[in-house]
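Worksheet: the structure to be examined is printed underneath.
The values are calculated or read from the model by the stated rules, or taken from the named source; none is laboratory data. Because the structure is a prediction, the values reported are computed rather than measured. All Cβ positions, even for glycine, are placed from backbone atoms using ideal geometry, and neighbour counts span all protein chains on display.
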Amino acid sequence: MRKLFIFLSLFILLASSVWAFNGHRKGFVLGGGLGFGPVAKVTIDGVSGSSLDKSGLATNILIGYAWDEQNMIVYLRDAIFYKETTIFNDDIFIVQGFNGFGYYHYFGPVGRSFYLTGGIGLQDWTSLDSKYESNDVGGGILLGGGYEFTRHFQIHGSLSFGRTTYAGVDFNHTQLLFTMSVVAF
């Protein structure tokens, strides 16, 4: 997480020195949002009745490039944070979500536009408690969209699917989240 923060800080510093954030959705873009994730589902592949259904705090982050007012290619991070009680009665916090590359397409002018997004990347399921191991990442797909109701502010929703593995066991994941997002361009 610290490395990501340092990378983003340096990238923002460099990008802002070349006329970024001029109010046009063209060039460098950076955004993020907070909201609610009503669905964070995990099942063990091939085992019926093995479902874990949670909800929690949702976040999304994007950083990338828009080559015109309608099209952006970005790195996406959509995740849901939730608490789970282990078999040892320990409360641990889990982050479940999608990391990858995405494409955004806006259908209208800046500040009044519906948009769709899609992405391909990695699924993760990570414990924030260091005494518990996290699953190995696997492939993931994201589909989403939303509405930009004013310049830089939008309502975002996404549905993502993916797989992770732990000790040779495959886990299937589904996330649905909604956020209020800010996108600087």
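Brief remarks follow.
- Residue match in the range 148-155 (condition: under 17 Å from His105 (Cβ atoms) and either surrounded by 16 or more Cβ atoms within 10 Å (Cβ to Cβ) or touching a residue at least 40 places away in the same chain (Cβ under 8 Å) (or both)): yes
- In the range 156-180, residue surrounded by the fewest Cβ atoms within 10 Å (Cβ to Cβ) [restricted to those that are aliphatic (A, V, I, L, M) and more than 26 Å from Phe114 (Cβ to Cβ)]: Ala167
- Top-ranked residue in the range 103-135 [being among the acidic types (Asp, Glu) and modelled with pLDDT under 90; ranked as farthest from Phe185 (Cα to Cα)]: Glu133
- If the condition is being among the small types (Gly, Ala, Ser), more than 21 Å from Asp136 (Cα to Cα) and surrounded by 17 or more Cβ atoms within 10 Å (Cβ to Cβ), then the range 33-67 contributes Gly33, Gly35, Gly37, Gly56, Ala58, Gly64, Ala66.
- When restricted to residues that are under 13 Å from the mean Cα position of the chain (by Cα) and farther than 30 Å from Trp67 by Cβ, the range 88-128 contains 3.
- The range 68-122, residues that are surrounded by 14 or more Cβ atoms within 10 Å (Cβ to Cβ) and among the acidic types (Asp, Glu): Glu69, Asp78, Glu84
- Taking the numbered list (1) more than 17 Å from Ile61 (Cβ to Cβ); (2) assigned to a strand (DSSP E or B) in turn, Val110 passes all entries but (2).
- Selection within the range 129-155: residues that are of a type outside the set (S, T, N, Q) and not in a strand (DSSP E or B). The member of this set that is nearest to the chain's Cα centre (by Cα) is Val137.
- Pair list, Cβ < 8 Å and 6+ apart or interchain, from the range 34-52 residues that are farther than 20 Å from Phe178 by Cβ to residues that are among the basic types (Lys, Arg) and in a strand (DSSP E or B): Asp45/Arg163; Ser51/Lys41; Leu52/Lys41
- Residue under evaluation Ser158, criteria (1) closer than 22 Å to Asp53 by Cβ; (2) over 13 Å from the mean Cα position of the chain (by Cα); (3) among the hydroxyl-bearing types (Ser, Thr, Tyr), criterion not met: (2)
- If only residues of the range 131-147 that are under 26 Å from Ser50 (Cβ atoms) and of a type in the set (Gly, Ala, Ser) are counted, the one that is surrounded by the most Cβ atoms within 10 Å (Cβ to Cβ) is Gly140.
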